[in-house]
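The values are calculated or read from the model by the stated rules, or taken from the named source; none is laboratory data. Computed from a prediction, not measured in an experiment: that's the story for all the values here. Cβ sites come from the backbone with ideal geometry, for glycine too, and all protein chains shown count toward neighbours. Keep in mind that these areas ignore ligands, DNA and RNA; they rest on the heavy atoms of the full protein, side chains included. Shrake-Rupley method; radii C 1.70, N 1.55, O 1.52, S 1.80 Å.
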Amino acid sequence: MRKESGFAMTDKFSIFASFVSETVMDKIRHFICVPLLCAAFSMFTACQDPGPETGMTLPVPTGVAFVLFDDTSAILSWEPSEGADHYYVILADAVSGRTITELEAVTETSVIFEDIPAGTSCYCRLRAINGMEYSDFAVTGTITMPEEPEPEPEPEPEPEPEEAGYGLSRDIR
């Protein structure tokens, strides 16, 4: 007879107890550990961006250029993305991040932004779209619109000649 934990155990009882323990442990592993592992895996995969519902994405637009056109306008141009039927374009203020203009269904490969306020630093974000498929954003560098020129001061008027000899005064008697 063995004595464990203060109880006298026969060999048959200890074999039965170890069998029950292994069975219980298997159930604990199966009914507790497996669901916990599944829940942890689900939480991990839920935090990841699944992308479009189709699971496919379009290539990011390439050859992107964002340049000044004139004092109040800028041009954004790019190469067409394979599979895209339109593009989503955002013009944003580089300082505040605020959207200045948002264009949702651009079918061309260039856009002219007009009436951008003087002194504004801005950039563009561009994405290719086709149905439920889309690309990551292509982001341009920042450009700053020219400041409005200071108006030139008006020239001072020339002095008017005085009646008595163009500024020379003389007492004549």
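If you scan the range 64-81, which residues turn out to be assigned to a loop (DSSP other than H, G, I, E, B) and either open to solvent by 50 Å² or more (accessible area, probe 1.4 Å) or of a type in the set (D, E) (or both)? Answer for the range 64-81, where residues must be assigned to a loop (DSSP other than H, G, I, E, B) and either open to solvent by 50 Å² or more (accessible area, probe 1.4 Å) or of a type in the set (D, E) (or both): V64, D71, T72, E79, P80. Cβ separations smaller than 8 Å between residues 6+ apart or across chains give the following pairs from the range 61-73 residues that are without any contact (Cβ under 8 Å) to a residue 24 or more places away in the chain to residues that are open to solvent by 80 Å² or more (accessible area, probe 1.4 Å) and of a type in the set (D, E, K, R): G63/E79.
Among the residues of the range 82-95, is any outside any strand (DSSP E or B), under 15 Å from the mean Cα position of the chain (by Cα) and at pLDDT below 95? Write out each step before concluding.
Kept after step one, since they are outside any strand (DSSP E or B), are these residues of the range 82-95: 82-85, 94-95.
Subsequent filtering for residues that are under 15 Å from the mean Cα position of the chain (by Cα) retains 94-95.
Still in the list and also at pLDDT below 95: 94-95.
Looking for residues that are outside any strand (DSSP E or B), under 15 Å from the mean Cα position of the chain (by Cα) and at pLDDT below 95, one finds at least one in the range 82-95, hence yes.
Scanning the range 126-149 for residues that are buried (at least 18 other Cβ atoms within 10 Å of the Cβ) and either closer than 14 Å to Y87 by Cβ or in contact with a Lys or Arg (Cβ under 9 Å, 6 or more places away or on another chain) (or both) returns L126, R127, A128, I129, E133, Y134, S135, A138, T140. Filtering the range 95-109 to residues that are of a type outside the set (D, E) and open to solvent by 40 Å² or more (accessible area, probe 1.4 Å) leaves V95, S96, G97, R98, T99, I100, T101, L103, A105, T107, T109. So in the range 110-125, with the set limited to residues that are in contact with an Asp or Glu (Cβ under 7 Å, 6 or more places away or on another chain) and either in contact (Cβ under 8 Å) with a residue 40 or more places away in the chain or open to solvent by 50 Å² or more (accessible area, probe 1.4 Å) (or both), which one is farthest from T62 (Cα to Cα)? The residue in question is A118.
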